[in-house]
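Enquirer: Take this structure first; my questions come after.
Nothing in this text is a laboratory measurement; each read-out follows from the coordinates by a stated rule. If you're wondering where the values come from, they're calculated on a predicted model, not measured in any experiment. Ideal geometry is used to build each Cβ from the backbone, glycine not excepted, and the neighbour counts take in all protein chains shown.
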Amino acid sequence: MKSGFAVTVGRPSCGKSTLINTLCGHKVSIVSSVPQTTRRPVRGIANREEGQIVFSDMPGFHLSGKEFNRVLNETTAAALRGRPDAVLYVLDATRLPGAEEEALAQLLAQAGVVPVFALNKIDAADDGAVPAETYRRFLSRFWADAEVLPVSALRGEGMQRLFASLFARLEEGPPLYPEDYYTDQPPDFRIAEIIREKAMNRLSEELPHSIYVEVADWEMPSDTELWIRAFICVEKESQKGMVVGKDGVKIGAIRKAAKRELKSVFPQNIRLDLRVKVSKNWRKNGYQIKSVLGLNKDS
Ligand SMILES: Nc1nc2c(ncn2[C@@H]2O[C@H](COP(=O)(O)OP(=O)(O)OP(=O)(O)O)[C@@H](O)[C@H]2O)c(=O)[nH]1
Ligand SMILES: [Mg+2]
């Protein structure tokens, strides 16, 4: 049996979280069509006949001067400094390699990393999926014999070959987690992420980026009940109404969808009190950003 740690890297929205969910056989990390959905490393554990892989799903690597993005990119750099056993570089077949792929390839190559390359979204052929050969040629400037594995995270295609390449990087060893674990996220983080996913998928323009979710408290008054009190936090007063919606329709829909998914994760009956509040300009405040990203000691 083999075991080890693997880190996913790639541009925002290339499908890292979808791929981790498929590889782990469980919904571990939230997904949306909006770039920069994942904000903190999320662990997903794949238990297979060959052994166990503990994945860290990372935020997307994005070139931008904004403080928020700089901190997200630093999260990826820090994970690489942790010398994972394998690095999974996810590429997006719906777009040509660009400045972000180039910067990330440089970062990895300079650190002496030889990643496993997965070209995701090959199912999107209607929009003209970019051939693996195009990516192989691009990557060959950094890694002479890069092998690009075509996959569809959405359809679960190409997973056997991907697992084989990942396990080839790992040493023999016992499982790092009990074999029935598929994640190690604390309950309040998991709850906040599920609510944030439902909100992001129902909000438009800048709003998905402007929110974070705070679980004010959660308790189990009995074995069969889980009570949650949470806030969707926005940046300014004018955004509150957009999250609440006319007659509370929007927040009602977010609450309902979140409750449905929470029910599939927790065995208890869920009571979810969900409200909106303003956390003024939180994305402009370095301390607040770190708090939302879980990088402060007290968060
Ligand atoms: N067609 C297709 N779409 C996919 C596939 N994998 C992911 N997507 C879509 O791509 C979008 C982004 O997926 P995510 O898994 O959130 O991407 P990510 O790389 O984790 O994004 P960030 O967390 O923002 O960095 C979603 O709309 C997914 O449904 C795939 O294999 N095929
Ligand atoms: Mg993600």
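Enquirer: With a point put 7 Å past each Cα toward its Cβ, work out how far Asn296 is from Glu214 in nm, to one decimal.
Expert: 0.9
Enquirer: Let me ask something else. In Å, the Kirkwood hydrodynamic radius of segment 187-292 over pairs of distinct alpha carbons? Don't skip to the end; give the middle numbers.
Expert: On the way: mean 1/r = 0.0711 Å⁻¹.
In segment 187-292 this quantity evaluates to 14.1 Å.
Enquirer: With a 10 Å radius around each residue's Cβ, average the other Cβ atoms per peptide and rank 176-185, 109-118, 192-201, highest first.
Expert: The densest-packed peptide leads the list: 192-201, 109-118, 176-185.
Enquirer: Of all DSSP beta bridges located in segment 171-285, what percent are antiparallel, nearest 5? Display every interim value, and only then the final one.
Expert: Working: 8 of 18 bridges.
Percent antiparallel among DSSP bridges in segment 171-285 is about 45.
Enquirer: Based only on other Cβ atoms within 10 Å, what is the fewest-to-most ordering of Val278, Val148? Could you put the intermediate results ahead of the total?
Expert: Values: Val278 15, Val148 22.
Final ranking by Cβ density, sparse to dense: Val278, Val148.
Enquirer: Over the chain, what portion of Cα pair distances is larger than 35 Å, expressed as a whole percent? Intermediate results must be reported in sequence, preceding the final value.
Expert: Working: 9268 of 44551 pairs.
Beyond 35 Å sits 21 percent of the P(r) for the chain.
Enquirer: Same structure again: Gly51's amide H: which non-local residues (gap 5+, or another chain) put their own amide H closer than 5 Å, with H modeled 1.01 Å from N in plane and none for Pro or chain starts?
Expert: Amide H to amide H, under 5 Å and 5 or more residues apart or across chains, Gly51 pairs with Lys2.
Enquirer: Now for a different question. Mind listing the phi-derived Karplus ³J(HN,Hα) values for segment 5-15, rounded to whole Hz, using 6.51, -1.76 and 1.60 with θ = phi - 60°, and x for any glycine or proline?
Expert: 9, 10, 10, 9, 9, x, 5, x, 6, 6, x
Enquirer: Less than 26 Å apart at the alpha-carbon level, and either on another chain or at least 8 residues along: which lysines does that give for Lys263?
Expert: Leaving aside lysines fewer than 8 places away in the same chain, those within reach of Lys263 are Lys16, Lys27, Lys198, Lys250, Lys277.
Enquirer: A further question on this structure: Using Cβ contacts closer than 10 Å as the measure, can you line up Leu119, Leu295 from fewest to most?
Expert: Leu295, Leu119
Enquirer: For segment 59-101, would you read off the P(r) tail past 16 Å as a percentage of all alpha carbon pairs?
Expert: Everything past 16 Å amounts to 46 percent.
Enquirer: Based on DSSP, what percent of beta bridges with both residues in the chain are antiparallel, to the nearest 5? All intermediate terms of the calculation are to be shown ahead of the outcome.
Expert: On the way: 19 of 47 bridges.
Bridges in the chain that DSSP calls antiparallel: roughly 40 percent.
Enquirer: Once you wrap a convex hull around the alpha carbon atoms of segment 2-172, what is its projected area averaged over all directions, in nm²?
Expert: 9.1
Enquirer: For segment 102-210, would you read off the P(r) tail past 19 Å as a percentage of all alpha carbon pairs?
Expert: On the way: 3963 of 5886 pairs.
In whole percent, the long-distance tail amounts to 67.
Enquirer: Sorting check: for 82-88, 220-226, 240-246, 40-46, which peptide has the highest mean count of neighbouring beta carbons within 10 Å, and how do the rest follow?
Expert: 40-46, 82-88, 240-246, 220-226
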